[in-house]
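Heads up: the structure comes next, in structure tokens.
The values are calculated or read from the model by the stated rules, or taken from the named source; none is laboratory data. This is a predicted model, so every value here is computed, not measured. With ideal geometry, Cβ positions are generated from the backbone for all residues, glycine too; neighbour counts draw on all protein chains shown. The area values use the complete protein model at the heavy-atom level, side chains included, leaving out ligands, DNA and RNA. Shrake-Rupley method; radii C 1.70, N 1.55, O 1.52, S 1.80 Å.
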Amino acid sequence: ARKIDEATQVYRQWLDADPESSVARHMLAACTGEAVPVRASDGYVRDVFDTFAGSFDQVLDQLGYRAPTVIDEALARYLPPPDGALTVVDAGCGTGLCAEFLRPRARRLVGVDLSPGMLARARARNVYDQLFEAELSAWLASQSDVNDLVVCADTLCYFGALEGVLAAARASMRPGGLLVFTVESAADDVETCRLHPSGRYSHSERYVRDALGTAGLALVELEAAALRREGGVDVKGTLVVARSRA
């Protein structure tokens with residue numbers, strides 16, 4: 001608690017000095033629970049991930065980051081063997097950690113991210129057919145009945161409310177298309193979502209189920225999954241697989 005109090009003071013001072021700072025504003029809300037936004041702002045996501053783009057892969061490796069592996073295992077359960085036939089979106093692609101296992105499934109593989117620094121790293125992999133610098137909900141909403149598979153590894157933890165982004169994903173998919181994503185698991189006393197001092201949101205299982213239904217997606221699988229380790233402890237997450245209704 002003392003560390004959070006100290007961090008709160010730092011973010012207040014930062015915001016006083018720089019009232020336009022999206023990072024200070026978001027992290028102050030994360031530490032105090034006051035003026036919590038419905039999702040992390042574009043500026044916050046861009047600034048944070050541009051800062052970490054150069055060391056991102058190494059840091060995640062040290063944390064035992066498993067979200068891409070968890071998603072790959074889910075795809076093997078619900079899709080036929082890779083045959084290069086699908087139109088695939090890596091939504092919140094970051095440096096492209098999912099690209100290796102998405103490429104064999106894809107006739108067309110597209111990555112979307114807000115961070116130019118992350119996209120530069122993804123581009124260097126020479127795996128994607130196209131990369132777009134865009135806010136995820138808006139970009140997905142600009143698509144219509146074109147995607148067979150939308151994958152979202154550890155990206156929706158920067159959204160509080162999920163209905164909008166899930167509806168945009170559904171609208172972008174062909175009937176029967178598959179959406180696979182991870183979120184961090186909220187404690188049992190959280191009804192919907194909670195913004196944590198990490199700057200990330202966690203979501204309750206009940207809320208994820210409700211949001212999928214609101215978005216017109218049929219739940220296929222919802223399973224607990226360890227996403228990474230922090231402080232020697234597993235970060236509890238949820239793997240979600242859903243289909244666009246025919």
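Being over 22 Å from GLU223 (Cβ atoms), at pLDDT 95 or above and aliphatic (A, V, I, L, M) is the requirement here; does ALA99 meet it? Yes, satisfied.
What about ALA7, is it farther than 26 Å from LEU162 by Cβ, out of contact with any strand residue (DSSP E or B) (no Cβ under 8 Å at 6 or more places or on another chain), crowded, with 16+ Cβ neighbours inside 10 Å and not hydroxyl-bearing (Ser, Thr, Tyr)? For ALA7, the condition - farther than 26 Å from LEU162 by Cβ, out of contact with any strand residue (DSSP E or B) (no Cβ under 8 Å at 6 or more places or on another chain), crowded, with 16+ Cβ neighbours inside 10 Å and not hydroxyl-bearing (Ser, Thr, Tyr) - is met.
Only residues that are under 25 Å from ARG245 (Cβ atoms) and touching a His at 6+ places or on another chain (Cβ under 8 Å) were counted in the stretch 184-210, giving 2.
Table: residues versus (1) open to solvent by less than 30 Å² (accessible area, probe 1.4 Å); (2) under 15 Å from the mean Cα position of the chain (by Cα); (3) at negative phi.
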| position | (1), (2), (3) |
| --- | --- |
| ASP148 | no, no, yes |
| CYS152 | yes, yes, yes |
| GLY164 | no, yes, yes |
| PHE181 | yes, yes, yes |
| GLU205 | no, no, yes |
| GLY232 | no, no, no |
| SER244 | yes, no, yes |
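Of all residues in the stretch 58-85, which are more than 25 Å from ARG194 (Cα to Cα) and open to solvent by less than 40 Å² (accessible area, probe 1.4 Å)? Passing the criteria: ALA74, LEU75, LEU79, GLY84. Candidates are the residues of the stretch 72-102 that are part of a helix (DSSP H, G or I) and in contact with a Phe, Trp or Tyr (Cβ under 8 Å, 6 or more places away or on another chain); the one that is nearest to GLN58 (Cα to Cα) is ALA99.
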